[in-house]
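Encoded as structure tokens, the structure appears first; notes follow it.
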């Protein structure tokens, strides 16, 4: 069975590697075009491209997925199946091309958390579990028939980065099982279940990352965890951006309004919320490197 793999970041590399380790025939990889990055604006290759080149797999990097030359080149590989992991939305002429269809690995238990940032939103919303789902692509994003899914627990202190790594491993394993089942014709696809309340996972923008100290301590703590290490929750201190990677919850002392802070100037800096304190532990102040709060307090006067 000839497979074309589509993906871009590290999350997708684990799946591509797992498929190759399982001896599936990856005939080509489709990934994002190289992008300039850093001060020198040097062209940066995607994690999937670097891995594919290392393994000697042909790489396609279309600017436009409907471009006739890309469609012609993609069709030339005569893939039986296409596999998508952390890639952009595909036009029908692409996902409908192979006879066995195009499958996607998504970092949530569908139908919940459809969208671009399922890992972040699950933690921001205080979920106790997440998971991975494989499904067939169709017209509406993340709505196709489910093939397999697997549940992954979320601990109280887990960050988006932690959950990303757990789902990356669980997803790679599930994808291998899915492709093996498709190869044998040994699976039953199921429509996504109807649920009363759908939780969405839209792309996260900078304004979504600003901490609202009028929320509860638990809500703020979940936001910090759900945006760590990237794109990172932040607040303003002395007019400068203070990013927060890790924090803990403490009981609130009377007389401190939401948004106010307490510090001894040496060991702790804690902000008041609606009902408690958020004690900052791991931060990055504008213009400085990431550091523990004790190191930060040694170098600043508040």
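The values are calculated or read from the model by the stated rules, or taken from the named source; none is laboratory data. Nothing here was measured: the structure is a model prediction, and the numbers come from that model. Here the Cβ positions follow ideal geometry from the backbone for every residue, glycine too, while neighbour counts run over all protein chains shown.
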Residues of the stretch 208-224 satisfying the condition of being in a helix (DSSP H, G or I) and in contact with a strand residue (DSSP E or B) (Cβ under 8 Å, 6 or more places away or on another chain): 209, 217, 218, 220, 221, 223, 224
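Please pick out the residue among 203, 184 that is out of contact with any helix residue (DSSP H, G or I) (no Cβ under 6 Å at 6 or more places or on another chain) and over 20 Å from residue 4 (Cα atoms). Talk me through it step by step, then tell me what you get.
On the way: 184 fails: over 20 Å from residue 4 (Cα atoms).
Exactly one of 203, 184 is out of contact with any helix residue (DSSP H, G or I) (no Cβ under 6 Å at 6 or more places or on another chain) and over 20 Å from residue 4 (Cα atoms), namely 203.
Quick grid of which residues meet (1) over 21 Å from the mean Cα position of the chain (by Cα); (2) in contact (Cβ under 8 Å) with a residue 24 or more places away in the chain:
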residue	(1), (2)
220	no, yes
238	yes, yes
242	yes, yes
249	yes, yes
256	yes, no
Given (1) touching a strand residue (DSSP E or B) at 6+ places or on another chain (Cβ under 8 Å); (2) surrounded by fewer than 19 Cβ atoms within 10 Å (Cβ to Cβ), number of the condition residue 86 does not satisfy: (2)
Members of the stretch 184-205 that are out of contact with any strand residue (DSSP E or B) (no Cβ under 8 Å at 6 or more places or on another chain) and buried (at least 16 other Cβ atoms within 10 Å of the Cβ): 199, 204
Residue among 122, 181, 172 that alone is part of a helix (DSSP H, G or I), without any contact (Cβ under 8 Å) to a residue 60 or more places away in the chain and either outside the structural domain of residue 281 (by TED's automatic domain parsing) or within 22 Å of residue 16 (Cβ to Cβ) (or both): 181
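Is it the case, given these coordinates, that residue 152 is touching a helix residue (DSSP H, G or I) at 6+ places or on another chain (Cβ under 9 Å), under 21 Å from residue 179 (Cα atoms), touching a residue at least 40 places away in the same chain (Cβ under 8 Å) and not in a loop (DSSP other than H, G, I, E, B)? Talk me through it step by step, then tell me what you get.
Working: touching a helix residue (DSSP H, G or I) at 6+ places or on another chain (Cβ under 9 Å): yes; under 21 Å from residue 179 (Cα atoms): yes; touching a residue at least 40 places away in the same chain (Cβ under 8 Å): no; not in a loop (DSSP other than H, G, I, E, B): yes.
When the stated conditions are applied, residue 152 does not pass them.
Can you pull out every residue in the stretch 230-240 that is surrounded by 15 or more Cβ atoms within 10 Å (Cβ to Cβ) and either farther than 21 Å from residue 164 by Cβ or out of contact with any strand residue (DSSP E or B) (no Cβ under 6 Å at 6 or more places or on another chain) (or both)?
231, 235, 237
Please give the helices (runs of 4 or more DSSP H) falling wholly within the stretch 1-103 in which 1 or more residues are under 26 Å from residue 185 (Cβ atoms) and at pLDDT 95 or above.
Values: elements: 10-21, 47-54, 68-76, 92-95.
Helices (runs of 4 or more DSSP H) meeting the threshold: 10-21, 68-76, 92-95.
For the condition loosely packed, with under 12 Cβ neighbours inside 10 Å and either within 25 Å of the chain's Cα centre (by Cα) or closer than 14 Å to residue 224 by Cβ (or both), what is the one hit in 289, 279?
Details: 279 fails: loosely packed, with under 12 Cβ neighbours inside 10 Å.
Testing whether each residue is loosely packed, with under 12 Cβ neighbours inside 10 Å and either within 25 Å of the chain's Cα centre (by Cα) or closer than 14 Å to residue 224 by Cβ (or both) leaves just 289.
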Residue list for the stretch 118-141, restricted to those being crowded, with 23+ Cβ neighbours inside 10 Å and under 18 Å from residue 83 (Cα atoms): 132, 133, 134, 135
Checking residue 235 against (1) in a loop (DSSP other than H, G, I, E, B); (2) more than 22 Å from residue 155 (Cβ to Cβ); (3) modelled with pLDDT of 95 or more, the condition it does not meet: (1)
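Listed residues 289, 252, 246; which is modelled with pLDDT of 95 or more and in contact with a strand residue (DSSP E or B) (Cβ under 8 Å, 6 or more places away or on another chain)?
Details: 289 fails: in contact with a strand residue (DSSP E or B) (Cβ under 8 Å, 6 or more places away or on another chain); 252 fails: modelled with pLDDT of 95 or more.
Going through 289, 252, 246 in turn, just one is modelled with pLDDT of 95 or more and in contact with a strand residue (DSSP E or B) (Cβ under 8 Å, 6 or more places away or on another chain): 246.
Looking at the stretch 189-197, is at least one residue in contact with a helix residue (DSSP H, G or I) (Cβ under 8 Å, 6 or more places away or on another chain), at pLDDT 95 or above and either in a loop (DSSP other than H, G, I, E, B) or not assigned by TED's automatic domain parsing to the domain that holds residue 240 (or both)? Break it down into steps so the answer makes sense when it comes.
Quick first cut of the stretch 189-197, residues in contact with a helix residue (DSSP H, G or I) (Cβ under 8 Å, 6 or more places away or on another chain) only: none.
Checking the stretch 189-197: not a single residue is in contact with a helix residue (DSSP H, G or I) (Cβ under 8 Å, 6 or more places away or on another chain), at pLDDT 95 or above and either in a loop (DSSP other than H, G, I, E, B) or not assigned by TED's automatic domain parsing to the domain that holds residue 240 (or both).
Among the candidates 78, 61, 41, which residue alone is in the same structural domain as residue 174 (by TED's automatic domain parsing), surrounded by fewer than 17 Cβ atoms within 10 Å (Cβ to Cβ) and in contact (Cβ under 8 Å) with a residue 60 or more places away in the chain? Reasoning before the result, please.
Values: 61 fails: in contact (Cβ under 8 Å) with a residue 60 or more places away in the chain; 41 fails: in contact (Cβ under 8 Å) with a residue 60 or more places away in the chain.
None of the others qualify; the one that does is 78.
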